[in-house]
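Have a look at the structure below, then the notes.
The values are calculated or read from the model by the stated rules, or taken from the named source; none is laboratory data. This is a predicted model, so every value here is computed, not measured. All Cβ positions, even for glycine, are placed from backbone atoms using ideal geometry, and neighbour counts span all protein chains on display.
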Amino acid sequence: MKKSGEYIQELKGKFRRNKKSIIKFAILIAIIGGIFFTFRYTFLSHYVQKDVLLRFFENFREHWWGPPAFILIYSIACVFAIPGSILTLTGGAIFGVLRGSLYNLIAANIGASLAFFMARYLGRDFVSKLVKGRVENYEEKIKGHGFRFIFILRLIPVIPFNGLNIGAGLSGIKYYDYLSGSALGMIPGTVIYTYFADSLLKGVTGSWKKAMTHLIIASVLLILISLSPTIYKRFKRSKDNR
């Protein structure tokens, strides 16, 4: 067994070799933790409430600069891990279904990309040094099916939007796979949440129930479509083996 002094020296050596990646990862954790604490436990938490955001963005509706300003604010909010669902609902309530869906999708994709690059630059080196053995093999499998992996996760309503942005950046998934999977996978949820917000503002009864039903149906259908090639191959393989 190693003596405590030798173990400490070994840890110091590892720290010196990986100093840059450790510092960058610590900055990433500080950013995420600091923003979470700020918008959860300080007076700024008041400004991310749905009613407050609605009153703020109502001024954007009638101006030519309203949509670009909304997209910019939404994109930056994604980087700061502010819940995207709140802003998506706000976009639907302010701009309606068609324009709201378009602006929400543009903003969500820009923000998701910015968060991805932040995590990739600050945390990927550190994480890549941690994954060894089975975890490393599992990551290689994910990298090989990056588009499908991201696409399916985007379709599942309970997967946190910001968590997936950061997690994908920390993983080895290629940016093109991440971007294309996100762009397609976001469409059903974004359109339906936008539709729900617009319907709720117009006083349509049962809006939430209808919106969630549509979201679940659309997600299940798209997941089945995305898995159909794999299901077909396995079915054909089992048939040939008989």
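Pairs are defined by a Cβ separation below 8 Å, a sequence spacing of at least 6 or placement on different chains, a first member in the range 11-25 that is at negative phi and modelled with pLDDT of 60 or more, and a second member that is assigned to a helix (DSSP H, G or I) and of a type in the set (F, W, Y); the pairs so defined are N18/F126; S21/F126; I22/F15; I22/F126; K24/Y121; K24/F126; F25/F126.
Yes/no matrix, rows are residues, columns are (1) in contact (Cβ under 8 Å) with a residue 12 or more places away in the chain; (2) surrounded by 21 or more Cβ atoms within 10 Å (Cβ to Cβ):
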position	(1), (2)
V158	no, no
G167	yes, no
G172	yes, no
D177	yes, no
G181	yes, yes
I187	yes, no
T190	yes, yes
Y193	yes, yes
S199	yes, no
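For the range 83-181, which fully contained helices (runs of 4 or more DSSP H) count at least 1 residues that are of a type outside the set (S, T, Y) and modelled with pLDDT of 85 or more? If you could, list the steps in order and put the result at the bottom.
Values: elements: 84-95, 97-130, 134-144, 146-155, 161-170.
Hits in the range 83-181: 84-95, 97-130, 146-155, 161-170.
Going through F60, F36, F80 one at a time, which residue ends up being more than 17 Å from M118 (Cα to Cα), modelled with pLDDT of 75 or more and not charged (D, E, K, R)? First the steps, then the outcome.
Values: F36 fails: more than 17 Å from M118 (Cα to Cα); F80 fails: more than 17 Å from M118 (Cα to Cα).
Step by step, each of F60, F36, F80 is checked, and only F60 is more than 17 Å from M118 (Cα to Cα), modelled with pLDDT of 75 or more and not charged (D, E, K, R).
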